[in-house]
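Novice: Input: one structure, supplied below.
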Amino acid sequence: MAAMKSLSALAITCLFLTTLAFAQKDADDGPTSTLNFLVLKDDTGKPVRNASVIMHPVSSSGKQERGGLELKTDLDGKSNSDGIPYGNLRVQVLASGFQTYGDDFVIDRPKMDFTIRLKRPQGQYSIYGDHSKDPNTQPKQDAPPPDNKSDKPN
C-alpha cells in the first residue's frame, strides 16, 4: 500500500515536471504577435474578398526562409493570424484583377494591423514603335524574301 502511494506521488511529480518543461519550451520560443490584415481596392477603398495573404519569415540577411502561411480575406477584405513570431516577415498579397503587393515588415508588437491597398494593372508599353490601339488588328509581318530563281542561269 505504501509502495502504491509512493508510485502515485512519483507519477504526479513526473507529470508536473513534464508540464513545466513544455511550458518552459513555449516561453523560450519567444514572443508572438497577432496580425490583422485589411485588403482594399486602391481606387475605390472597397474591400477585396478572397485575396491571398502570404507570409514568409525572412532572415536577418534578407533571405526568405522556408515555411510560411497563406490566409484568405473574407467578404470584408479582412484576415488575421495569431502566434506569428517576432522578427522579419515578408508579406505578399495576390488577388485576381490586381497588381501583386509585396513588402517586408518587422514584427515587434503583440498586435499589429496592416491596411493594404491593391492597384489595378497598369497599361503595357512597348519600346518597339507605335502599335495600333485596335485589338483586332494583326501585327505586321516582314515581307518574304524575294524569289531569286529568275536570276539563276539555266
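No lab work stands behind these numbers, since they all come straight from the coordinates. Owing to the predicted nature of the structure, the values given are computational and were not obtained by experimental measurement. Note that we place each Cβ from the backbone using ideal geometry, even for glycine, and neighbour counts take in every protein chain shown.
Novice: Around residue 57, under 11 Å between beta carbons, what's the net of Lys plus Arg minus Asp minus Glu among the other residues?
Specialist: Cβ neighbours under 11 Å give a net charge of +1.
Novice: Given the pairs 41/63; 63/111; 46/119; 78/111; 46/78, which span a C-alpha to C-alpha distance of over 20 angstrom in this model? Don't skip to the end; give the middle numbers.
Specialist: On the way: 41/63 29 Å; 63/111 24 Å; 46/119 12 Å; 78/111 15 Å; 46/78 11 Å.
Correct reply: 41/63; 63/111.
Novice: Another question, then. Karplus couplings for the range 72-86 from phi (6.51 cos²θ - 1.76 cosθ + 1.60, θ = phi - 60°), rounded to Hz, Gly and Pro as x?
Specialist: For the range 72-86, the Karplus curve yields 10, 7, 8, 4, 8, x, 9, 7, 8, 8, 10, x, 7, x, 4 Hz.
Novice: Still on this model: May I ask for the net charge around residue 75, where only other residues with Cβ less than 15 Å from the Cβ of residue 75 are counted and Lys, Arg are +1 while Asp, Glu are -1? Walk me through the numbers before you get to the answer.
Specialist: Numbers: positive: 41, 46, 49, 72, 78; negative: 74, 76.
Here the charged neighbours net out to +3.
Novice: Give me the net charge for the shell around residue 44: Cβ to Cβ below 15 angstrom, other residues only, Lys and Arg +1, Asp and Glu -1.
Specialist: On the way: positive: 41, 46, 49, 117, 119, 120; negative: 42, 43, 76.
Once all neighbours under 15 Å are counted, the net charge is +3.
Novice: Let me ask something else. Taking the alpha carbon gyration tensor of the range 28-118, what are the square roots of 5 times its eigenvalues, largest first, to the nearest whole Å?
Specialist: On the way: eigenvalues 110, 40, 22 Å².
Working through the eigenvalues yields semi-axes of 24, 14, 10 Å.
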